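Report on the following structure.
The values are calculated or read from the model by the stated rules, or taken from the named source; none is laboratory data. The structure displayed is predicted, hence computed values, not measured ones. Using ideal geometry, Cβ is built from the backbone for each residue, glycine included, and neighbour counts are taken over all protein chains shown. SASA here: full protein model, heavy atoms, side chains in, ligands and nucleic acids out. Shrake-Rupley method; radii C 1.70, N 1.55, O 1.52, S 1.80 Å.
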Amino acid sequence: MLCAIGLFCISGCSVRHADAVYGKSVQQKIDDTIAPLIASYYPKLKIEPSRCEPIIEIAQGTMGTCTLPVNEVPLNIRVASAGPPDMFKVDFGGAFFFDMSAVERIIETTLSNSYQIKGIAQCGNPRERLLKPRTYFSCKVLGSSLVRSMRLMTTVTGQVFVFNAPGLKVKSPIPGSLLTLHKDGRTAIAPGAGVERFIQQVQMSASSASANFTIKCPEEMDLTGTKHGACTATLPGLKIAQRIGVWIDDAVGFRVRPIDAVVDRSKVQRMAQDDLNRRLSDNGDTADARVECDKGLIVVEPPGTFDCKARAGGKRYKLVVEVENFQGAVRWRGIPLDGRP
């Protein structure tokens with residue numbers, strides 16, 4: 001079963017000095033972007049201020065590193081050069097953030113849904129990890145004589161794939177015969193009701209699943225060969241449903257992934273305003289920027305954009321927010337309007 005954990009990699013900006021940037025500015029960017037996004041998905045984690053060297057060299061072909069302590073685990077944050085206007089960016093360097101408590105819940109939900117087994121998963125230390133795609137690891141399972149451990153793999157989309165438990169038959173809403181047909185190159189028609197139940201299981205296992213949602217799929221879905229299907233997820237506060245892509249990968253089985261990103265515009269408003277005011281302060285100007293976005297959630301197909309309003313220095317700007325991927329990573333740029341208040 002494939003279960004999602006939400007992750008973000010955010011681009012940053014600051015003052016550039018020759019082939020280096022000031023560590024203090026990088027720390028501010030990490031603390032204002034990456035840290036809040038981790039906290040929004042994992043509010044119980046203790047996230048301390050990031051730590052950088054005073055000057056970080058990021059000449060072409062080289063990259064610097066800062067650390068972000070999460071539950072006292074120092075996570076490496078990559079600092080890389082970027083073109084104007086940002087001049088540098090901060091991210092996880094191609095890795096994804098995983099909280100082992102959330103992974104353990106995914107394993108326990110998988111055991112319950114797929115095998116009707118009640119077990120307690122233990123993934124050990126460190127509890128917070130940055131893992132590259134296609135990293136394999138195992139977690140212990142206590143409380144059941146039928147399974148002692150579960151093997152997992154991180155995917156290129158920042159999710160965890162839970163391998164089948166050896167010797168146990170999966171009780172999945174997706175019939176195993178469908179996967180066999182697909183692997184043999186024959187027509188593979190998935191029942192919509194089964195796909196709906198599968199997506200609900202995946203979403204309930206995800207650490208970010210906190211709201212009620214309704215999944216709707218076509219009555220039948222042709223997933224033969226490279227064909228993809230699409231279902232919709234309706235969430236409270238959304239005027240437009242989020243689309244969920246569905247397909248079969250012979251290497252790992254039945255797969256689902258959001259096509260659209262769901263973005264909280266209130267969070268973008270806070271992050272953008274803080275970022276603009278920091279830029280003004282760094283340049284010696286009055287930090288009087290104000291950003292105003294429409295309220296609520298918005299569904300965007302990445303790469304896509306939506307607009308907010310901004311004011312600074314008595315002038316008006318259109319703030320174009322760029323949604324980079326289905327996980328909701330964003331960046332923004334201001335476009336001056338007519339120059340009048």
In region 307-341, residue least open to solvent (accessible area, probe 1.4 Å) [restricted to those that are closer than 17 Å to L280 by Cβ and of a type in the set (F, W, Y)]: W332
Residues being open to solvent by 60 Å² or more (accessible area, probe 1.4 Å), touching a helix residue (DSSP H, G or I) at 6+ places or on another chain (Cβ under 9 Å) and part of a loop (DSSP other than H, G, I, E, B) - total across region 289-306: 2
Any hit, region 203-212, residues being more than 29 Å from Y136 (Cβ to Cβ), open to solvent by 50 Å² or more (accessible area, probe 1.4 Å), in contact with a strand residue (DSSP E or B) (Cβ under 6 Å, 6 or more places away or on another chain) and without any contact (Cβ under 8 Å) to a residue 40 or more places away in the chain: no
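Taking A310 as the residue in question, decide whether it is touching a strand residue (DSSP E or B) at 6+ places or on another chain (Cβ under 8 Å), more than 25 Å from D32 (Cβ to Cβ) and assigned to a strand (DSSP E or B). I'd like the intermediate steps shown before the answer.
Working: touching a strand residue (DSSP E or B) at 6+ places or on another chain (Cβ under 8 Å): yes; more than 25 Å from D32 (Cβ to Cβ): no; assigned to a strand (DSSP E or B): yes.
No: the conditions fail for A310.
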Hey, D222 open to solvent by 30 Å² or more (accessible area, probe 1.4 Å), within 19 Å of the chain's Cα centre (by Cα) and under 26 Å from T157 (Cβ atoms) or not: no
Any pair with Cβ under 7 angstrom, 6 or more apart, that starts in region 96-110 at a residue that is within 22 Å of K46 (Cβ to Cβ) and ends at one that is open to solvent by less than 20 Å² (accessible area, probe 1.4 Å) and of a type in the set (D, E, K, R): D99/E128
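Where residues in region 111-160 are assigned to a strand (DSSP E or B), of a type in the set (S, T, N, Q) and out of contact with any Ser or Thr (no Cβ under 8 Å at 6 or more places or on another chain), which of them is surrounded by the fewest Cβ atoms within 10 Å (Cβ to Cβ)? I'd like the intermediate steps shown before the answer.
Here is the first cut: in region 111-160, the ones assigned to a strand (DSSP E or B) are 120-122, 128-131, 136-142, 149-154, 159-160.
Narrowing further to those that are of a type in the set (S, T, N, Q): 122, 138, 149, 154, 159.
Narrowing further to those that are out of contact with any Ser or Thr (no Cβ under 8 Å at 6 or more places or on another chain): 122, 159.
On the way: Q122: 13, Q159: 24.
Per the stated criteria, the residue is Q122.
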In region 230-262, the residues that are surrounded by 20 or more Cβ atoms within 10 Å (Cβ to Cβ), touching a helix residue (DSSP H, G or I) at 6+ places or on another chain (Cβ under 8 Å) and on the phi < 0 side of the Ramachandran plot: C231, A233, I244, V246, I248, F254, V256
R197, sole failed condition from (1) in contact with a strand residue (DSSP E or B) (Cβ under 8 Å, 6 or more places away or on another chain); (2) open to solvent by 60 Å² or more (accessible area, probe 1.4 Å); (3) at pLDDT below 90: (1)
